[in-house]
Amino acid sequence: MFLPAGSQDETGTLLVNRAKAYETFRYVTEKRNFKQISTPAIEYASTFTNRIAGMNLNEMMKWFNKEGEIEVLRPDWTTAIARAVAKQPIHQQKWSYQGSVFRIDKDGTESRQAGIEIVHANSVLGERECMLTAIDYLKSLHIDKYVIELGHTEIFDILIQSLKLDTTQEDLLRTAMHDKRRDVVYQLVNNTGNSEIANHLTELTEAYGNKDIITKYQDLWSDNDELLQILENLNNMIELIEATTDLEVIVDLGRVKNLPYYDGMMFRGFLKKDGSTCFSGGRYDRLYKYYQQDTTAVGLAFDVDVLASHMTDHKEKKRACIIASEKTHQVAEAFRNELTDYIVEVSYDEQVTSTFDLCYKVMEQDNEYKVVKL
Amino acid sequence: MKPCIALTKGRLEKQFLDFFESLEFDMSSLKDKGRKLQVETDDFLFVFAKGPDVATYVENGIADLGIVGEDILIEHQPDVYNLFPLPFGRCGMAVATKKDFEWPQRKKRIATSFTNIAKEHFMQKGESVDIIKLEGSVELAPILGLADAIVDIVETGTTLKENGLVIEEKFLAISARLIANRSSLKIKKDQLNPVIEAFKEGAKLTC
């Protein structure tokens, strides 16, 4: 039988790596005082499509329930957790989760994530704890060849304030910035009669790279306190990362939010080997306003499928076999406990021994059973 | 590892090679490549593919940069950086019918290879149409009675004319564009920037 596009049966290394990624995540986050949370796989679509969450219904696995309401398979953890955490006691600030999200996109339907959310905490502390948890976790997985990218949603929002764009124009401009489509960025802004801002935003599509970009824009934005504060926050985060690791950090000052609920610093990790994104996240205080909470919220999610496919340190344990019989099976079972560093199989068939690294057999001698190495 | 550039085979390929040569890059090994689908030069690895596949290779990070028609980008919406237009491959989309064709008093039937572009165009006009997907030679559809009209790329209009079709409406001016993989652009900035800057200069962008 065939499977639907995006679904797959799995065995082998990838599955083992994924289990290890989840297990390590639970260990690392528990040690950093995160409390686990889970939300149901099935929710109302409106949780994700409301004006703040702003996700696209077309990309969700959905159906009508018997009351005629649209239900979906969880397309996003952060939004679901905001709904759930908004009802939790305010003293709990740090949450961790792991599980699947479902979206109809080009890479298949189901993907697996592990992530953290830090709510009601001091803003800077929350952002730093997110980043340091990411670094700690990837180090535990022995993944060290990656680049961290920082961005900030408010840069674009501040720069377009004076343009007085309507929602459609703003969406078009944000999409053009997202695609770094410099000719369209220029044209859209220039059409509003602001050639200076048009040039500025066009240049901003190329404001990515090492921290020298920040120095350059500190000069350019020297008369704008809001933008200078953002640059200082980004710079402080870079200094923290550089003080604790030797990872490469880049910034993209022209990056815009890809989901409407982001409203502050954004972070992302690219694996150097193939450029895949291993984690992404950022600040989203706005999301909690939808649940009547004026608070801080920041988080990030790891792509567990990407991590599992890049974990290289997994060593298969050696395999041992104990040849027994119906009569001697209990002796073999007792001996199994002595082979602590092996994967142990009990077999009644001596022919299988060639497929194992080590073989034993339960022998009967003088009315006693002994296990001998073959 | 050398940067990988995916090029669209066919019409755009020759125009790109001329453009690249005008920027003083040595293109001789590409011009004599015969039927090879990948060619390595001192600076780059070039791969040759059909337009939609160029976008797919770039989206998946196999190629760092790609040269592809904007029609492909609008039709297939790949998740790539769509950097800027290049000064070749200029053409447009058009609705064409048989000469002196009288539209029937029913929903129009439109044959095209660009179903998403055609659908969006008629939706913008507030007109419901039935779209018939064809893989190529769409000019045949009105002649043989499969459709009332076609939506297709028009460069000079010669193919339409030779098949007895006339342009009813032109829309969407397009050209070749430079696209980039979303992470390559950042993590290979030092390698990619010189060629991107050369393209930008060659394209004589006004912005």
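Restricting to segment A:315-345, name every residue that is free of Cβ contacts under 8 Å to residues at least 40 places away in the same chain, within 23 Å of A:Thr13 (Cα to Cα), of a type in the set (A, V, I, L, M) and open to solvent by less than 40 Å² (accessible area, probe 1.4 Å). Correct list: A:Leu339, A:Val344.
Among the criteria (1) free of Cβ contacts under 8 Å to residues at least 40 places away in the same chain; (2) under 29 Å from A:Val249 (Cβ atoms); (3) charged (D, E, K, R), the one A:Glu149 does not fulfil is (1).
For A:Leu231, state whether it is open to solvent by less than 20 Å² (accessible area, probe 1.4 Å), within 14 Å of another protein chain (Cβ to nearest Cβ), without any contact (Cβ under 8 Å) to a residue 60 or more places away in the chain and under 32 Å from the mean Cα position of the chain (by Cα).
Numbers: open to solvent by less than 20 Å² (accessible area, probe 1.4 Å): yes; within 14 Å of another protein chain (Cβ to nearest Cβ): no; without any contact (Cβ under 8 Å) to a residue 60 or more places away in the chain: yes; under 32 Å from the mean Cα position of the chain (by Cα): yes.
No: the conditions fail for A:Leu231.
For segment A:285-310, the candidate set comprises residues that are among the aliphatic types (A, V, I, L, M) and in contact with a Cys (Cβ under 8 Å, 6 or more places away or on another chain); within that set, the residue that is most open to solvent (accessible area, probe 1.4 Å) is A:Val306. Looking at A:Asn190, A:Asn210 in this structure, which one is polar (S, T, N, Q), more than 24 Å from B:Arg182 (Cα to Cα) and within 9 Å of chain B (Cβ to nearest Cβ)? One residue alone meets the criteria, A:Asn190.
Looking for something of a type outside the set (Phe, Trp, Tyr), more than 20 Å from the chain's Cα centre (by Cα) and either over 30 Å from A:Asn258 (Cα atoms) or in the same structural domain as B:Thr158 (by TED's automatic domain parsing) (or both) - is there at least one such residue anywhere in segment B:76-97? Give the steps one after another, and end with the answer.
At the first step, the residues of segment B:76-97 found to be of a type outside the set (Phe, Trp, Tyr) are B:76-80, B:82-83, B:85-87, B:89-97.
When the remaining residues are screened for being more than 20 Å from the chain's Cα centre (by Cα), the result is B:97.
Those still in the list that are either over 30 Å from A:Asn258 (Cα atoms) or in the same structural domain as B:Thr158 (by TED's automatic domain parsing) (or both) too: B:97.
Yes; the residues of segment B:76-97 include at least one that is of a type outside the set (Phe, Trp, Tyr), more than 20 Å from the chain's Cα centre (by Cα) and either over 30 Å from A:Asn258 (Cα atoms) or in the same structural domain as B:Thr158 (by TED's automatic domain parsing) (or both).
Does any residue of segment A:43-55 turn out to be at pLDDT 95 or above, open to solvent by 30 Å² or more (accessible area, probe 1.4 Å) and either farther than 20 Å from A:Tyr288 by Cβ or within 19 Å of the chain's Cα centre (by Cα) (or both)? Looking through segment A:43-55, none of the residues is at pLDDT 95 or above, open to solvent by 30 Å² or more (accessible area, probe 1.4 Å) and either farther than 20 Å from A:Tyr288 by Cβ or within 19 Å of the chain's Cα centre (by Cα) (or both). Would you confirm, using the coordinates I've provided, whether B:Val80 is open to solvent by less than 70 Å² (accessible area, probe 1.4 Å) and within 14 Å of chain A (Cβ to nearest Cβ)? When the stated conditions are applied, B:Val80 passes them. Annotation note: Cβ proximity below 7 Å between a residue of segment A:265-276 that is within 8 Å of chain B (Cβ to nearest Cβ) and in contact (Cβ under 8 Å) with a residue 24 or more places away in the chain and a residue that is of a type in the set (Ser, Thr, Tyr) and outside any loop (DSSP other than H, G, I, E, B) (sequence gap 6+ or interchain) occurs for A:Phe270/A:Tyr146; A:Phe270/A:Thr277; A:Lys272/A:Tyr146.
Would a scan of segment A:261-273 turn up a residue that is modelled with pLDDT of 90 or more, assigned to a strand (DSSP E or B) and open to solvent by 10 Å² or more (accessible area, probe 1.4 Å)? Checked against the condition, which is being modelled with pLDDT of 90 or more, assigned to a strand (DSSP E or B) and open to solvent by 10 Å² or more (accessible area, probe 1.4 Å), segment A:261-273 yields at least one hit.
The helices (runs of 4 or more DSSP H) located wholly in segment A:281-344 that include 2 or more residues which are in the same structural domain as A:His91 (by TED's automatic domain parsing) occupy A:285-289, A:304-310.
Restricting attention to segment B:28-74, the residues that are surrounded by 16 or more Cβ atoms within 10 Å (Cβ to Cβ), more than 14 Å from every other protein chain (Cβ to nearest Cβ) and either assigned to a strand (DSSP E or B) or among the β-branched types (Val, Ile, Thr) (or both) total 10. Count of segment B:165-196 residues, restricted to those that are facing chain A (nearest Cβ under 10 Å), over 29 Å from B:Glu155 (Cβ atoms) and in a helix (DSSP H, G or I), is 7. With within 13 Å of chain B (Cβ to nearest Cβ), open to solvent by less than 20 Å² (accessible area, probe 1.4 Å), more than 17 Å from A:Leu231 (Cβ to Cβ) and of a type in the set (S, T, N, Q) as the only criterion, which of A:Thr133, A:Thr202 stands out? Of the residues listed, the single one that is within 13 Å of chain B (Cβ to nearest Cβ), open to solvent by less than 20 Å² (accessible area, probe 1.4 Å), more than 17 Å from A:Leu231 (Cβ to Cβ) and of a type in the set (S, T, N, Q) is A:Thr202. Report, by residue number, each residue of segment B:14-27 that is loosely packed, with under 15 Cβ neighbours inside 10 Å and either of a type outside the set (D, E, K, R) or part of a helix (DSSP H, G or I) (or both). Once the filter is applied, which keeps residues that are loosely packed, with under 15 Cβ neighbours inside 10 Å and either of a type outside the set (D, E, K, R) or part of a helix (DSSP H, G or I) (or both), segment B:14-27 yields B:Lys14, B:Asp18, B:Glu21, B:Ser22, B:Leu23.
The values are calculated or read from the model by the stated rules, or taken from the named source; none is laboratory data. Quick caveat: nothing in here was measured; it's all calculated off a predicted structure. Quick reminder, even Gly has a Cβ in these numbers, built from the backbone with ideal geometry, and neighbours come from all protein chains shown. Side chains included, ligands, DNA and RNA excluded: accessible areas come from the protein's heavy atoms. Shrake-Rupley method; radii C 1.70, N 1.55, O 1.52, S 1.80 Å.
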